[in-house]
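**Q** I'd like to ask you about the structure that follows.
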Amino acid sequence: MSATGQRGSALAQPVTAPSGGRIAAYLGLFVLGAVIGAAGALVQPGWFPGGLLLALVGAAGLFLGGAQAVGTRGGAVAPAAGWMVAVVLLTASRPEGDFLFGAGFGSYLFLLGGMALAVMCATLGQGRQPGGSAVRLGK
């Protein structure tokens, strides 16, 4: 029997709906991810090596910070999804022919590096862990 009085592992427990506060946190992280994506798209071509690093470090900090703040992998996925939506919308050209991303090396590094960072931070985020003394099988 686990510390919460339920039988079985934490992975076998029923999934409960997230609370209103957690949903608000996910929505806030999604919007913050979109803002970071748009800001990174503007900064990375301006000061090429430094701007690219600043944009990627900012994105990684948000993804990992979101996972730590919420305590789940969803905390990293929500800002990554916002980042992805903003960046994909900014890569599309307009009917006038204007676009924000050029076909340069830095733009591709920003796109691919941001996606790789999102996957890494979501993987490093905490999954559901059983709590208390029931974590050790020998006890």
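**Q** Which count do you get for residues in region 1-49 that are within 21 Å of the chain's Cα centre (by Cα) and either part of a helix (DSSP H, G or I) or at pLDDT 85 or above (or both)?
**A** Summing the residues that are within 21 Å of the chain's Cα centre (by Cα) and either part of a helix (DSSP H, G or I) or at pLDDT 85 or above (or both) in region 1-49 gives 24.
**Q** Are any of the residues in region 50-59 part of a loop (DSSP other than H, G, I, E, B), under 14 Å from LEU29 (Cβ atoms) and not charged (D, E, K, R)?
**A** no
The values are calculated or read from the model by the stated rules, or taken from the named source; none is laboratory data. Just so it is clear, the model here is predicted, and its values are computed rather than measured. Neighbour counts are summed over all protein chains in view; Cβ atoms, including those assigned to glycine, are modelled from backbone coordinates with ideal geometry.
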